[in-house]
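Colleague: There's a structure below that I have some questions on.
The values are calculated or read from the model by the stated rules, or taken from the named source; none is laboratory data. Predicted, not measured: the structure shown is a model, and the values here were computed from it. Cβ placement follows ideal geometry from the backbone for every residue including glycine, while neighbour counts extend to all protein chains displayed. Remember, those area values only see protein heavy atoms, side chains included, never the ligands or the DNA or RNA. Shrake-Rupley method; radii C 1.70, N 1.55, O 1.52, S 1.80 Å.
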Amino acid sequence: MHHISLSSNFVSEMLYLWVYRLIYLIKSKDFSELKFHLGKNESSKKTGKDLHNAWRIEVEKHQGNPSIFKAIIRAFGKSFSFLAIWEILWIFFTWTGFYYLVKKAVCYIDSYKKGIADEYMGYLNAFAFLLTFLFSTICHNQLHIQCTKIGMRVRSGLMVLIYRKLLTLSALANGMGVIVNLISNDCNRIAEVCVNLHYLWSSILEAIVICVLAYFEIEKSSLPAIGFILIIFIPVQIYLAIQTSTYSLKSTKNIRDRVRLMSEILTVIKLIKFYSWERFFEDKVNEIRYKEIKKIRKVIFNRCKSLIIVFVAPMISTLFSLVLYYAIEKKSMSPAITFTILSIFNSLRYPLSVLPTSIRSAIDAYFSLRKIDKYFVLPETFNNGIDNYDIIRDENGRETQDISIFMKDAKFIYDNNIPLKLGYLNLIVRRGDKIAVVGEIATCINLMDALLGQLILESGTAYMNGKVGYISQQPWIIKGSLRDNIILGEKFDEILYKHILTLTFINYDVARMDPQDLNDISNENLNLSNNFKQRVCIARCLYSQPDIVILDDPFLTFENPIEGLLYKNCIEDFFKDKTVIMFTQDKKYLKLFDEIMIMDNGAIIECDNYDQLKKLKVIQLQNDILNLEEESSEQEYNVDMDLHSNIEMDNEITVSHLQNLKTNELNEYTMSKAIENNHTFINGTRKPKSIHQDTLYKTIEQNQMTIHTVNSVNVNSINNTSEENVPTKLKYLEAYKSYIVTSPGALLTVFLVVVFFAVHGIRFFSDYYLKWFIDREYDNEYIYIYAVLAIALVLGVSLRGLFFCWVIFRKSIAYHNGILKAILNAPMVFFANTPISTILSVFAKHLFLVDEFLPDSLLQFLYYCPLILGTVVIVCLFVPYFWATLPIYIILIALILKYSKSVEHRLQIQEGQSKTEIFCHLTTTLDGFRNIKIYQLQKEFEKEYKHYIDKNHKYFFSLASVQTWKAFNIDIVSSLFIFLTALFIVIFKENTFFIKKMTPAVAGLSLTNAVSIILYLPWLFRTIYDVHSAMTSCATLQNYTSRIPKEENSDKKFINVPKGWPTEGKIEFEDVEVRYYKYTVAILKSISFTINPKETIGILGSSGSGKTTLMMGLLRMLELSEGSIKVDGIDIKNIRLETLRSNIGIIPQEPVLFGGTVRSNLDPFNEHSDREIWDALRKVSLYDDIQLLPEKLETIIIDNGRNFSLLQCMLFMIARIVVLDNNIVVYDESVVPLDEMAEKKIEEIIHTVFKNKTLVIISNKFRHAVKADRVMIMEKGKIKEFDTPQNLYLNPESYLFKLFDQTDNDKQIIEFKNKIKEIEISLNKEKIEEKYDSTIHSKHSLNMSNPIPSSMSFMNVAMPKSLESVFTNPNTTSTSFTPNKTDFS
């Protein structure tokens, strides 16, 4: 192990000697062999402590309005202020070179020309150049690295305090987006201002120094130039910087809106494709994009204007000084004075360049500090919520109190700004009570947060006796082994641990898993199911052995029989003597609890046992209805079953898992199961099992925040797991080529580069012309020509700025449009295999780099590159034999870049990965917020968080040190360049090359340009590096634009179907086979059937049977491997996807309302009148609700439907299809936790509104079979049964008969069975009468037109007339009884 200390002795730090060892070790060793050590003052423990103490003092002094800025000054201000010494020394050494030494060098040549110069003075002056700029280099780079170190300390301290504050807030107050943005953006901005703040005051000081030197040199003649500098150039730069920062903040809001919209689109992309609403959302994104581009255009144009000032200021200042000097002194300016002034004014470019950057940085930091101030004063729940006491026991260990929870007039709040739907609570829960809490979801969640200590107790009394345990709906796993996740810091008890593994059936999983996989179960590459993770969370709660257990519907994840066994093992057995409070919307649990607490409108409206509440029959709530009159079916759990196979079946499979399955595990069940799990419309990092009003909104927010957990360095790497996916990398050459040829094309792009060089050519020609006429007695004519050149330069710089903005923004627009169209036109397999975080990073990070970072870097590159090249050309032309030294600089710079490049790249990767760990830990904290508080893990999580901060800062500071080392050495090469220029002027003053002889003007021109290289050469390489880095984003965007597979071939010729198609609604499947991947097993196997017009079909089947795949095939979400699907006789593969999908209505499982208005959610393309929309709302019973809203159809949808109940959201889904008036409707039955009456209401509306449509109902609930014309039973990708429900029920061997026979508590099914029995009795009676008549009147038997069947079976019941053409009854040639559909409804 090699130890690397990131702090060293004074000499080593001054000259960066310790960095040589760092570079060597990183180049030659693996990072596993290296151990980095931060200095004590840079550790997060020290910085967090220092800032915490400073903040505490600030709060004590200013309790009403504490300022984190003052706390930062108190903690780190002293160290930061001392760094100003480096800046002052840099100013001294730099302007000594620019002013004094340049003047001395020109005077030396002038003296030599007159024959009065001392030879050694020229050499001394040359060596003075070298020493001056070496000292300048040391000061400048020390200022930068020391400011970086201070910024790192400030960032570290702020991150610690923000995280520590987070652990004291309520669950609602700490929105994920707010916290992540504070840490990812605001802390970085404050750290950045620490690097740039010294340049703010020093820029103005440097400008003043330039003015003083100019006045000292030419006195009154400098006044116009001084006026321009102090009254125009500096104020305009400040104004432009403020404007740029303002526009940048506004564009950031637009970017945030666009990324949020893209998160919404990607979260429900399946539904958008089902509706064929891609064009609508493309227009919405482009609308936001247009606003964003307008702001970014202003930002870039302001930067162009700022560079115009930087570029023309020296020439304008020199021009006015020449004119006024000539006017006042009545003589020409000497070469020594002229080029001394020119050198001084050329140095003005540097302060004018850094001033806007430092101002923008300061403004950004100001707004970030304000946001952090507001965050730090949020009220805390720590020690302000419900009190929790240890259980008091007597000397025999028995509990002295039987009260677990006590509340009297308890009033809880989140904070002053967030409303809370919870009134005054009065509650007593005794030891061992089992209570189920049901009712209005918002009220239930608020009560649960109060019990978990997430709320602030404003008034009243509330306390709990005993240790609290908690199990949430969603599994929460920390980084660590299975054992770490279960014991969670508790003392290890092996017997208890093994017992709990058995109770939760984890022992079965452990037996089949590789032991190494159990070392870190948070590793996403393991693809552990949510069900396994949930059982780990249950085991964690059991192991903690709490006295009070809070459950948030933790068993929703599981299917029977595992669900029932877990409940029995954990609740009924392990927690039999404990207090259990379960918040649930699942009625099947209610009978098992001692009491049922019903919540509504912020209050407890009922609390009694099941039997007493059942007598009330129906208890109506504000948003839900709890119907206890009808009991849900309960299944008997067979303890002797094969648990191993059931646990395997219960674990989830998704499409992304398929790629990690072994070949023998890939079968039609796993494939079909994967498609069904991926079919959920709400597509996120976690599949929601219980849908609330804000589920979609929270999922969108979670998806949006995942971009911070993508490696910020390697974001261009796309998971290339299949042949359809995007390649991981483009060559840089291809990336540059792609950027050049992108709109407006290669010709204009190359012309733009030529324009930049041409404008710089005007500037260098003006310097040469100045040299030319200074060498002779000039008059007004020469000055006029110089003025014309100055005007030409101003016009050229202005026009090139406009041209640059136009070209760059055409490219940005082209990239965005290309990637947006590519994503919206991508097939679903792409989204199944590509994480949302990866796609969002393209729209967030990569587009930002192409929109703002790349143009800014390109602008600077096109500014500095011609400047440096022109300087080299001028020096080589006018300094004899200087060209011979060029290989020295090239070789030195090449060696510097060669040895630093690979090291920088490796450190960037490590820094990016360590940053990802910070945000992964932050995400884990936010997801498990309640768990951390309940299990009191705040200190452990803060300690781990500090570890991640230190790890990131080790790599960050190492990277900053290597980059500073590179800049330091490039500055040394620049100093060598200046030294050799001055030396060659002295040595070869008699020699000639491009000029006849060395003159003061030639020396002045050469040195004036040469000294500027010390300022701009490091910047040139920095901009080259920035442009090169940003090109990775161009490569990524190009990858997505050109290589994502398209869902539909745009070149294919499609059939133009008639308007109103399909008019009948007939669906025909002919030998249909569907495969998810090309060479995998078939999911649907030679399916053939016909659905007649206006027929209602119920498709039933267990999970993974293929019923969802059937719908996916109908909508061409999955292309057919074999066979065909015809709608009204037209093969759907010959129809455009937009036409097909827009003419088949889909009612999804989950209620999805998009951002916008009520109208845009029902009619996004404005194709229907208000009357049609209101009529649709009336049909789905939403008319009165919407009429009561002030804005009616223009009502804004808040947070994707949070201002509507779940039932209303589901009715909106139906209203969409009513508005579209499709003749084919597919209803994928809802999975939301609706009550019985709401479900019946939806069912009634579905069958009423679409009674004259072809209706396909996909369901797991077999009661839908009652109202269907025919029922299709799917099993293993095949049709097991397909017939009328009456015929299927009359067959004792049918799947439907077995299901119905086991059901005794569903009214509709009971009525259906009774109706069938009546029919059977009637038929049997007819059969007896007919037999009797046949015996008596046998002689008339030949006259009977309808022979009676000899025996009764399920085949003897004839089908409806509409089906006679589809199925034939082999046992009869005519119909004895024809039941109507209404007879069984």
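Colleague: Once you order the gyration tensor axes a ≥ b ≥ c over the Cα atoms, which shape class does the stretch 1-114 get: rounded for a/c under 1.5, otherwise prolate or oblate by comparing a/b with b/c?
Modeller: Working: a/c = 4.94, a/b = 1.38, b/c = 3.57.
Oblate, because a/c is 1.5 or more while a/b does not exceed b/c.
Colleague: Follow-up. Out of residues 5 or more away from Gly1156 or on other chains, whose amide H comes under 5 Å of its own, with H placed 1.01 Å from N in the peptide plane?
Modeller: Excluding prolines and chain starts, which carry no amide H, the hits are Ile1197.
Colleague: Compute the distance from the alpha-carbon center of the stretch 1179-1208 to that of the stretch 959-979, in whole Å.
Modeller: 65
Colleague: For the stretch 349-367 and the stretch 22-40, what is the separation of their C-alpha centers, rounded to whole Å?
Modeller: Spelled out, the Cα-based centre of one part sits 34 Å from the other.
Colleague: Still on this structure, please answer the following. About its Cα centre, how strong a charge dipole does the stretch 770-843 have in debye, to the nearest 20, once Lys and Arg get +1 and Asp and Glu get -1 at the Cβ? Intermediate results must be reported in sequence, preceding the final value.
Modeller: Numbers: 6 positive and 4 negative charges, 117 e Å.
So the dipole magnitude of the stretch 770-843 works out to roughly 560 debye.
Colleague: Right, here's the next one. Give me the extension gain from Ile1130 to Ile85: residue separation times 0.36 nm, minus the current Cα-Cα distance, reported in nm with one decimal.
Modeller: Numbers: separation 1045, 0.36 × 1045 = 376.20 nm, distance 8.20 nm.
Full-extension gain reported as 368.0 nm.
Colleague: I've got another one for you. Among 262-268, 277-283, 29-35, how do they line up from the highest to the lowest mean number of other beta-carbon atoms within 10 Å? The partial results should precede the final answer.
Modeller: Working: 262-268: 25.0, 277-283: 17.3, 29-35: 11.6.
Top of the packing list down: 262-268, 277-283, 29-35.
Colleague: Can I ask one more? Dipole size in debye (nearest 20) for the stretch 427-563 around its Cα centre, Lys and Arg Cβ +1, Asp and Glu Cβ -1? Intermediate values should be presented prior to the final figure.
Modeller: Details: 12 positive and 18 negative charges, 80 e Å.
That gives a dipole near 380 debye.
Colleague: For the stretch 206-272, with the dipole built from +1 on Lys and Arg beta-carbon atoms and -1 on Asp and Glu ones, taken about the Cα centre, which of Val268, Gln237, Val212 lies farthest toward the positive end?
Modeller: Checking the options against the dipole of the stretch 206-272, the answer is Val268.
Colleague: Would you mind checking which residues have amide H under 5 Å from Ile4's amide H? H placed 1.01 Å from N; only 5 or more apart, or other chain.
Modeller: Long-range HN contacts for Ile4: Lys35, Phe36, His37.
Colleague: By per-residue mean of other Cβ atoms within 10 Å, what is the highest-first order of 241-252, 461-472? Can you show the working numbers first?
Modeller: Details: 241-252: 18.5, 461-472: 21.0.
Descending packing order for the listed peptides: 461-472, 241-252.
Colleague: For Lys1280, list long-range residues whose amide hydrogen, built 1.01 Å from N in the peptide plane, is under 5 Å from its own amide hydrogen.
Modeller: The answer is Ile1273, Met1274, Glu1275.
Colleague: Put +1 on the Cβ of every Lys and Arg and -1 on every Asp and Glu Cβ in the stretch 37-121; which of Ile116, Gly77, Leu89 then has its Cα farthest towards the positive end of the dipole?
Modeller: Selected residue: Gly77.
Colleague: Ordered by residue, what ³J(HN,Hα) values in Hz, to whole numbers, does the stretch 1144-1157 give under the Karplus form 6.51 cos²θ - 1.76 cosθ + 1.60, where θ = phi - 60° and Gly and Pro are x?
Modeller: Values, residue by residue: 10, x, 10, 10, x, 5, 9, x, 10, 9, 8, x, x, 10 Hz.
Colleague: If you find the alpha carbon centre of the stretch 912-952 and of the stretch 749-813, how far apart are they in angstrom?
Modeller: 55
Colleague: Sticking with this structure for a sec: Which of rounded, prolate or oblate describes the stretch 834-924 when judged by the alpha-carbon gyration tensor and an a/c cut-off of 1.5? Let's see the in-between values first.
Modeller: Details: a/c = 4.98, a/b = 2.15, b/c = 2.31.
Judged from the Cα gyration tensor, the stretch 834-924 comes out oblate (a/c at least 1.5, b/c at or above a/b).
Colleague: By how many nm would the segment from Leu134 to Ser28 lengthen if fully extended, with 0.36 nm per residue of separation less the alpha-carbon distance? Before the final figure, lay out each step's value.
Modeller: Numbers: separation 106, 0.36 × 106 = 38.16 nm, distance 3.04 nm.
Taking Leu134 through Ser28 to full extension adds about 35.1 nm, to one decimal.
Colleague: Let me ask another. For Val754, Val195, what's the largest-to-smallest order of accessible area, 1.4 Å probe?
Modeller: Values: Val754 80, Val195 30 Å².
Ranked from most to least accessible, the order is Val754, Val195.
Colleague: Can you find, among Ile1125, Pro1164, Ser1105, the residue farthest towards the positive end of the dipole of the stretch 1097-1173? Put +1 on the C-beta of Lys and Arg, -1 on that of Asp and Glu.
Modeller: Ser1105
Colleague: Now for a separate question. Which of rounded, prolate, oblate describes the stretch 217-353, given a ≥ b ≥ c as roots of the alpha-carbon gyration tensor eigenvalues and a/c under 1.5 marking rounded, otherwise prolate only if a/b is larger than b/c? Numbers along the way, then the final one.
Modeller: Values: a/c = 5.38, a/b = 4.90, b/c = 1.10.
Cα axes put the stretch 217-353 in the prolate bin.
Colleague: Using 7 Å Cα-to-Cβ label points, what is the Ile231/Asp387 separation (nm, one decimal)?
Modeller: For Ile231 paired with Asp387, the spin-label model returns 7.3 nm.
Colleague: I need the phi-derived Karplus couplings for the stretch 124-129: 6.51 cos²θ - 1.76 cosθ + 1.60, θ = phi - 60°, integer Hz, Gly and Pro marked x.
Modeller: With coefficients 6.51, -1.76 and 1.60, one gets 4, 5, 5, 5, 5, 4 Hz.
Colleague: Assuming R0 = 60 Å, can you tell me the calculated FRET efficiency for the pair Met513 and Met1237, based on Cβ-Cβ distance, to the nearest 0.05? Intermediate results must be reported in sequence, preceding the final value.
Modeller: Working: r = 45 Å, r/R0 = 0.75.
That pair, Met513 with Met1237, gives E of 0.85.
Colleague: Just to verify a number: FRET efficiency for Asp1184 and Leu795, C-beta to C-beta distance, R0 = 60 Å, to 0.05?
Modeller: Details: r = 68 Å, r/R0 = 1.13.
The pair Asp1184/Leu795 has a calculated efficiency of 0.35.
Colleague: Just subtract the alpha-carbon distance of Val873 and Lys114 from 0.36 nm times their residue separation and send over the number in nm, one decimal. Walk me through the intermediate numbers first.
Modeller: Details: separation 759, 0.36 × 759 = 273.24 nm, distance 2.86 nm.
So the extension gain works out to 270.4 nm.
Colleague: Something else: Under a crude label model (7 Å from the Cα following the beta-carbon direction), how far is Ile740 from Lys291 in nanometres?
Modeller: Rounded to a tenth, the inter-label distance reads 3.8 nm.
Colleague: Taking the Cα of Asp1175, stepping 7 Å toward and past its beta carbon, and measuring to each backbone N in the stretch 1110-1144: which are under 20 Å?
Modeller: Counting only backbone N, you get 1143-1144.
Colleague: Ok, one more. R0 = 51 Å: FRET efficiency of Lys1053 with Lys943, Cβ-based, nearest 0.05? Write out the running numbers ahead of the final one.
Modeller: Working: r = 65 Å, r/R0 = 1.28.
Result of the calculation: an efficiency of 0.20.
Colleague: Take each of the peptides 835-845, 1045-1055, 605-615, average the number of other beta-carbon atoms within 10 Å over its residues, and list them starting from the highest. All intermediate terms of the calculation are to be shown ahead of the outcome.
Modeller: Details: 835-845: 22.5, 1045-1055: 11.2, 605-615: 14.4.
Ranked from most to least packed, the peptides come out as 835-845, 605-615, 1045-1055.
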